[in-house]
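Contents: one structure, followed by commentary.
The values are calculated or read from the model by the stated rules, or taken from the named source; none is laboratory data. Worth saying up front: this structure is predicted, and the values here are computed from it rather than measured. No Cβ is skipped: glycine too gets one built from the backbone with ideal geometry, and neighbour counts run over all protein chains shown. With ligands, DNA and RNA removed, areas are computed over all heavy atoms of the protein, side chains included. Shrake-Rupley method; radii C 1.70, N 1.55, O 1.52, S 1.80 Å.
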Amino acid sequence: MRGIFITFEGNDGSGKSSVIEAIKEELINLGYDVLYSREPGGSKVAEKIRQVILDVDNFGMDAKTESLLYAASRREHLVKTIIPALNEGKIILCDRYLDSSLAYQGFARGIGIDEVYQMNTYATDNLLPDLTLLVCVTPEVGLSRITKNNRSSLDRLELEKMDFHQKVYEGYLKIKDKFPNRIVVINGEQSKEEVKASALAVVLEFLKRNANYEK
Ligand code: TYD
């Protein structure tokens with residue numbers, strides 16, 4: 001029996017991680033067999049690649065190199081963790097997947113959404129999630145949540161970051177239009193409880209519509 005592959009995407013400061021945590025808890029309480037995973041990482045080799053990608057010492061890494069490393073990490077994670085779990089009929093809740101590469105590397109770093117998508121088609125054998133929840137906040141809100149300051153006190157570097165955050169946000173909106181049937185947007189600017197409730201409603205509705213999926 002094939003399980004269900006659900007991914008969670010969002011720009012920085014969107015509150016995506018607490019949404020996943022809440023959904024995981026609720027689905028487990030309802031008796032579903034749930035696997036939580038995250039990218040970059042999620043398997044032995046993929047975690048090693050994660051260390052290379054996120055190492056501050058590697059600041060300034062070429063954008064295509066970065067993109068290839070994310071794709072390589074993704075393939076390991078897919079083959080070693082996600083596909084086996086799907087074959088066991090689990091519900092996989094994955095924090096980030098290929099849409100992150102499309103938004104961050106494809107759009108924000110300027111490689112091109114279609115180019116990065118093509119590379120990822122090779123890396124993933126075109127295995128797309130069954131459902132993707134995109135938790136979105138405007139870049140201003142996202143960044144102020146991260147820095148816990150308001151916009152007016154951002155310094156030059158933070159403003160540069162602001163430009164990047166803006167692009168990630170725009171990138172996600174473009175990707176949402178590219179995959180309207182798979183991606184559902186959750187407004188991350190609601191209260192924490194409202195964000196969790198709307199995300200949970202989308203997941204439960206999806207599971208209901210896919211009723212041939214049994215616990
Ligand atoms: P992480 O510490 O896991 O944070 P987050 O809570 O934001 O998920 O960092 C992952 C970072 O990697 C995040 O800034 C987004 C970025 N990323 C990409 O740029 N491309 C990708 O394909 C993926 C999976 C992540």
Hits in segment 85-120 (condition: more than 14 Å from the ligand (Cβ to nearest atom) and open to solvent by less than 50 Å² (accessible area, probe 1.4 Å)):
ALA85, LEU86, GLY89, LYS90, ILE91, ILE92, GLY112
How do the pairs read when you match residues in segment 1-19 that are closer than 13 Å to LEU200 by Cα with residues anywhere that are within 8 Å of the ligand (Cβ to nearest atom) and open to solvent by 10 Å² or more (accessible area, probe 1.4 Å), using Cβ under 6 Å and keeping only pairs 6 or more apart or on different chains?
PHE8/LYS16; PHE8/ASP95
Any chance ARG2 is within 13 Å of the ligand (Cβ to nearest atom) and either among the basic types (Lys, Arg) or at positive phi (or both)
no
Could you list, in sequence order, the residues of segment 179-202 that are basic (Lys, Arg) and open to solvent by 30 Å² or more (accessible area, probe 1.4 Å)?
LYS192, LYS196
Residue count, segment 46-84, condition among the acidic types (Asp, Glu) and within 13 Å of the ligand (Cβ to nearest atom), comes to 4
Determine which single condition GLY31 fails, assuming it passes every other condition in (1) open to solvent by 40 Å² or more (accessible area, probe 1.4 Å); (2) at positive phi; (3) within 13 Å of the ligand (Cβ to nearest atom).
(3)
Based on what the data block shows, is ASP95 touching a helix residue (DSSP H, G or I) at 6+ places or on another chain (Cβ under 9 Å) and among the acidic types (Asp, Glu)?
yes
Do we have any residue at all in segment 5-21 that's away from the ligand (no atom under 14 Å from the Cβ) and under 17 Å from the mean Cα position of the chain (by Cα)?
yes
